[in-house]
Amino acid sequence: MVIPKTTIHHKAIHQTIMTIPTATTTTTTTKSTTKKTTSKKTTLPPTIRSEQMSRNELYFSSPGNFSSITTSAVLVVGLGGVGSHAAHMLARGGVSYLRFIDFDQVTLSSLNRHACATLDDVGIPKVTCLAKFLEKVCPDKSYCEIDARVQMYTGDPIKDGTLLDLPPHLSKQKWDIVIDAIDDVPTKAKLLSWCVATNTRVISCMGAGGKADMTRLHISDLK
């Protein structure tokens with residue numbers, strides 16, 4: 001069976017993606033002037049989004065299966081060589097709400113492994129770099145909302161505050177899944193302990209820096 005492919009010209013895409021002002025305004029005050037700016041909301045037409053996700057929907061066979069992804073909320077802790085690639089593909093894959101947590105900045109040495117960082121991004125937070133890039137893939141927050149937190153996860157409830165809490169507007173009891181891409185073992189253990197205590201599904205990515213023997217790679221359940 002030949003599956004018909006819908007072709008949308010790139011000029012039509014730019015013409016149909018609309019940026020409109022919203023009612024939210026931000027006022028900035030200095031000693032001499034008061035500046036008021038209006039935030040803008042970018043809308044992506046359903047036809048564009050449908051074509052964008054067409055191969056994903058095809059893979060999952062039926063709309064019902066794919067909707068479990070497009071309504072999911074995923075937490076990614078650590079946006080380095082592993083976390084940035086995981087977060088990148090989750091956003092491209094259709095996840096509707098993503099929270100990125102990482103305190104670190106893009107460095108020259110991280111350009112060999114970060115998913116999207118370039119020389120222009122050196123010195124800015126890794127979460128900001130990735131969020132900025134992904135807005136070019138899907139600028140409509142109703143399809144892909146990214147909550148980028150430039151903050152260190154410590155495992156201390158007092159220091160972390162509401163860092164791991166879901167936002168109220170999602171009406172979810174817990175994260176659909178957590179991606180643990182932390183490179184510090186004690187902190188990693190604290191996050192895993194939290195996931196076990198809250199009965200939250202988690203994928204933990206263990207360190208492999210300097211390792212070269214792929215035959216020693218193992219995938220297992222930590223329980």
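Which condition breaks for residue 119 when tested against (1) surrounded by fewer than 14 Cβ atoms within 10 Å (Cβ to Cβ); (2) at pLDDT below 95?
For residue 119, the exception is condition (2).
Residue check: is residue 82 modelled with pLDDT under 95 and under 25 Å from residue 183 (Cβ atoms)?
Numbers: modelled with pLDDT under 95: yes; under 25 Å from residue 183 (Cβ atoms): yes.
The answer is yes for residue 82.
Only one of these is more than 14 Å from residue 83 (Cα to Cα) and among the hydrophobic types (A, V, I, L, M, F, W, C): 148, 181, 197. Name it. Give the steps one after another, and end with the answer.
Details: 148 fails: more than 14 Å from residue 83 (Cα to Cα); 181 fails: more than 14 Å from residue 83 (Cα to Cα).
Going through 148, 181, 197 in turn, the sole match is 197.
Restricting to segment 41-67, name every residue that is without any contact (Cβ under 8 Å) to a residue 24 or more places away in the chain, under 16 Å from residue 96 (Cα atoms) and either open to solvent by 70 Å² or more (accessible area, probe 1.4 Å) or part of a loop (DSSP other than H, G, I, E, B) (or both).
46, 63, 65, listed by residue number.
Go through segment 68-113 and count every residue that is in contact with a strand residue (DSSP E or B) (Cβ under 9 Å, 6 or more places away or on another chain), part of a helix (DSSP H, G or I) and among the hydrophobic types (A, V, I, L, M, F, W, C).
4
The values are calculated or read from the model by the stated rules, or taken from the named source; none is laboratory data. What you are looking at is a predicted structure, and each value in this text was computed from that prediction instead of being measured. With ideal geometry, Cβ positions are generated from the backbone for all residues, glycine too; neighbour counts draw on all protein chains shown. Please note that ligands, DNA and RNA were not included when accessible areas were found on the heavy atoms of the full protein model with its side chains. Shrake-Rupley method; radii C 1.70, N 1.55, O 1.52, S 1.80 Å.
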